[in-house]
Amino acid sequence: MSDDQPTPTTAGYPWAPPDGTTASGPAAPVPYDAGIGHPTPAGAPYSRGYPTAPAPTGYPSPPTYPYGPGYPPAHGPVAYPGPRPYDGFAIAGFVLSFVGAVVLSIIFGVLGLVRTKGGRARGRGLAIASLVISSLWFVVGIGLVIYGATLGPVSTYTVGDCVRLSADADAGLDEGDAPTLPKVACSEPHNAEVYAAKNLPSGSYPGLDRVEQETFAYCESEYARFVGVPYDDSRLGFFIVYPEQIGWYTGDRKIACIVTAPEDVTSTLRGSAR
């Protein structure tokens, strides 16, 4: 085997002659790769044996949103719908229960319970309170009716009735009470007589002070018509009987005017001019 081998003609291979010559003459200069510190074969398209990445041209532009630059808003009616409103029926039932409108407050209270079931609206506590308060009103009303029935009618008098007024009854009248006075025949000893009476208009109770004022004005105006002289010129007196609130709820609307004598009489006081 001969030792004479042909000299490689391709530049840059490791078996190239160290002096850089070839069989046909000096080899072309080999470019130097500063990145790896040794020459790169001539015509080699890559450095270090890897493809060269294209140079970056800049970062991509940030995405745009319909809300303007930056991130979309984190809060809003879609993300956080806000507190639930109060139910109107529950509020109305609660208010009506305080003014004594029992029927309406019960109806609105029941509707409020239905509409607030499952947390669909606020106000369930108000609906429950309206039902409780209305029930208390109902119980109180029943109690007043029963109590008024046990007292009996306050004013059952008619004009011309003679009554016996005791000292205890007179004291009770001064305190605002209106007891049922025992009727007697006008020929028997008595000291009082009914001289005027009428019914007040129906409706809600006007209040104790107003009823008392209206009754007094009516009785004062009717005094002279029965006795025969004005009250200011008379030696007799009078007292009034009118319904209080309990009697009003039991149906009593009647007011009565009763003339009184300082001593017992056995005849009518009509036209006595005393």
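The values are calculated or read from the model by the stated rules, or taken from the named source; none is laboratory data. Keep in mind that what you see is a predicted model, and the values were worked out from it rather than measured. Counting neighbours? That spans all protein chains shown, and the Cβs are built from the backbone with ideal geometry, glycine included.
I'm checking my understanding of the structure. Among residues of region 247-270 that are over 24 Å from Ser166 (Cα atoms) and of a type outside the set (Phe, Trp, Tyr), which one is farthest from the chain's Cα centre (by Cα)?
It comes out as Arg253.
Among the residues that make up region 241-257, is at least one of them of a type in the set (Asp, Glu), in contact with a Pro (Cβ under 6 Å, 6 or more places away or on another chain) and within 30 Å of Val140 (Cβ to Cβ)?
Initially, region 241-257 is screened for residues of a type in the set (Asp, Glu), giving 244, 252.
Okay, now just the ones that are also in contact with a Pro (Cβ under 6 Å, 6 or more places away or on another chain), so 252.
Those still in the list that are within 30 Å of Val140 (Cβ to Cβ) too: 252.
Yes, region 241-257 contains at least one residue that is of a type in the set (Asp, Glu), in contact with a Pro (Cβ under 6 Å, 6 or more places away or on another chain) and within 30 Å of Val140 (Cβ to Cβ).
Does Arg84 satisfy the criteria of being over 30 Å from Glu244 (Cα atoms), under 25 Å from the mean Cα position of the chain (by Cα) and modelled with pLDDT under 80? Show your work before the answer.
Values: over 30 Å from Glu244 (Cα atoms): yes; under 25 Å from the mean Cα position of the chain (by Cα): yes; modelled with pLDDT under 80: yes.
Judged against the criteria, Arg84 is a match.
From Ser135, Ser221, grab the single residue that is of a type in the set (S, T, N, Q), within 30 Å of Arg84 (Cβ to Cβ) and at pLDDT 80 or above.
Ser135
So, Val159, is that one at pLDDT 85 or above and either loosely packed, with under 13 Cβ neighbours inside 10 Å or over 21 Å from the mean Cα position of the chain (by Cα) (or both) or not? Give the derivation first.
Numbers: at pLDDT 85 or above: yes; either loosely packed, with under 13 Cβ neighbours inside 10 Å or over 21 Å from the mean Cα position of the chain (by Cα) (or both): yes.
Yes: the conditions hold for Val159.
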